[in-house]
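Beneath this line is the structure, given in structure tokens, with notes to follow.
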Amino acid sequence: MDIVPSRRRLRFGPFEMDGQAGELFKDGLKIRLQEQPLQILQILLEHPGEVIAREELRKRIWPSDTFVDFDHGINNAIKRLRESLGDTADTPRYVETLPRRGYRFIGSTELHKKATDSSIHSLAVLPLENLSHDPEQEYFADGMTEALITSLAKIGALRVTSRTTAMKYKGLCTKSVPEIARELSVDRIVEGTVLRSGDRVRISAQLIDASNDMHLWAESYERNLREVLSLQAEVASAIAKEIKVKVSPEERAHLAPAHQIDPDAYEAYLKGRYHWNKRTLQGLRKATDYFQQAIEKDPLYPAAHAGLADSLSRLGWWGHMPPDRGFGAAKAAALKALELDPCLSDAHAALGFSLLHHDCSFSASEQECQHGVELDSRNPLAAQALACCLIATERFDEGLAEATRLVHLDPISPVMLWTASALLYHARQYDRAIVQAHKSLELDPSFCPPRWTIALSAGARRSSETGISEMEEAVRATGENQFFLGTLGYCYARANCRVDAKKVLDRMHELSRERYVSGYWPAVICGALQENDKAFELLEAAWREHAAWMAYAKVAPFFDDLRSDSRFDDLIQRMNFPGRT
């Protein structure tokens, strides 16, 4: 039997599989399906009627560095695939299971004749050049680049390279367009310039065939800064039209010209996102200020409220402000953003992230995070929030599958790679957690969170490494941030360095007179020191104050020292964790 090339479009029943774009449609409408089920379907369609062994699927979809346990992962993926196809294992129409052997596609297929080699399914937007050559205006060029990427990413049939990946080519003139396209595995490249002069902004964009470096289309747009949102939508729509990508009515509505915006509000918003993307303490504080300025200028600007929610929640997560000022205020900002725009993926993700870490409202958090992913399946913030929620509630297979997808969405983001490593630690896959943390460190050796994962994972697998040196370095680099200082105390206690662990407790008590310090990390240290009465006293205080990290109490390995105590079970029950599914 001939093998059908995986990059062709195949029809079966009411379904159509676009192998190149990796998209499944039913009656012309895109079906939202996770990456692994789509990959399985594509492989089965390459060999219709033939048995594909489970081992073959493992090699192609679950390589050795993948997070998910293979048996659970493939069973879950097949289940989701059948649900999307309206299929059953007992009476299959499309996917047949052969026990102990593998799977076979048994439906009738036909090639979609209209598919041509000119169809475009992927592109990258290279950083727009700042024609003003004023370093103070770089935030504006970067912001316009990010806005164009975000607009194009709303088109489900189009794979758009993430902002983080695209920005690594900023100022990189040594590589040709075909070289960049090969690195990013895209069909087309968008490059251009932006010039802001007073209240006027001009964008020049051009579309380039990645295979031969041929310019296919170019256009310039100039508008008043008040119309910049409409300008962004117009450029994205023009590109979509030029590459003849299929845009659904819903996506077309999202690309429709937007309302006018106060120029000062937009400028403040761009500065906020510019500093937010640095993900440093100083950057987050500046981002918060700029988002608040944007809201003051234009209270009806939903993206500014969502940006404020993102900044406040991360300041709360790292313990730079008390829970109510961090996650509590972030929740209010996200709700305001959704009041203004219910279809804003970032706002749903921010609300879900805050509901998880401030209220431990697990079901509501998951619902918001899922909605954020459904609105924009390529939004890393939505994937990050959903993965955290799933791991916190012991749904490890689903959580790690989402973490895998997160890394694929933003493969060179140190933050997202560290998130995946931290989730692996909580799922007790310590060796993989360490590997993933090192990948994050390779991208940014100054980024401290991966050292947290390495230290805790090394200690958990009871290797000769204690993690102490990693944490001592992180504590110095972060000005004794409680997240790292508390973990250092825990590492001391685990290494039986009780005097040093006690010194950390004393130091955290001293710092609490100057700034917010949660009872959470001292509780972790006391638990490792087997001072259970004090540990539970501190945990109760942390629970009452809505400490962000309490959301992971049920799964955090560093609480293993306390799990045999009935008081821990009582606390978990009062936190209303959902039962495992």
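Residues being more than 25 Å from the chain's Cα centre (by Cα) and either assigned to a loop (DSSP other than H, G, I, E, B) or at pLDDT 90 or above (or both): count how many of those fall in region 148-190. Total satisfying the criteria: 6. Within region 376-393, being within 8 Å of the chain's Cα centre (by Cα), under 19 Å from K331 (Cβ atoms) and assigned to a helix (DSSP H, G or I) holds for L381, A382, Q384, A385. In region 150-162, the residues that are within 11 Å of H121 (Cα to Cα) reach residues that are acidic (D, E) and not in a loop (DSSP other than H, G, I, E, B) with C-beta atoms within less than 8 angstrom, at least six apart or across chains, in these pairs: I155/E251; G156/E23; G156/E251; A157/D18; A157/E23.
Run T145 past the list (1) over 28 Å from the mean Cα position of the chain (by Cα); (2) crowded, with 21+ Cβ neighbours inside 10 Å; (3) of a type in the set (S, T, Y) and report the number of the one that doesn't hold. Evaluating T145 over (1) over 28 Å from the mean Cα position of the chain (by Cα); (2) crowded, with 21+ Cβ neighbours inside 10 Å; (3) of a type in the set (S, T, Y) leaves (1) as the failure.
Matching residues to (1) assigned to a helix (DSSP H, G or I); (2) buried (at least 22 other Cβ atoms within 10 Å of the Cβ):
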{"position": "P445", "(1), (2)": "no, no"}
{"position": "S457", "(1), (2)": "yes, yes"}
{"position": "R476", "(1), (2)": "yes, no"}
{"position": "E480", "(1), (2)": "no, no"}
{"position": "L485", "(1), (2)": "yes, yes"}
{"position": "R515", "(1), (2)": "no, no"}
{"position": "S518", "(1), (2)": "no, yes"}
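Criterion applied to L270, L315 was being in a helix (DSSP H, G or I) and within 20 Å of T419 (Cα to Cα), and the one residue passing it is L315. Answer yes or no: is there a residue in region 298-314 that is more than 30 Å from A474 (Cβ to Cβ) and free of Cβ contacts under 8 Å to residues at least 12 places away in the same chain. Yes; the residues of region 298-314 include at least one that is more than 30 Å from A474 (Cβ to Cβ) and free of Cβ contacts under 8 Å to residues at least 12 places away in the same chain.
The values are calculated or read from the model by the stated rules, or taken from the named source; none is laboratory data. Nothing here was measured: the structure is a model prediction, and the numbers come from that model. Glycine also receives a Cβ, built like all others from the backbone with ideal geometry; neighbour counts cover every protein chain displayed.
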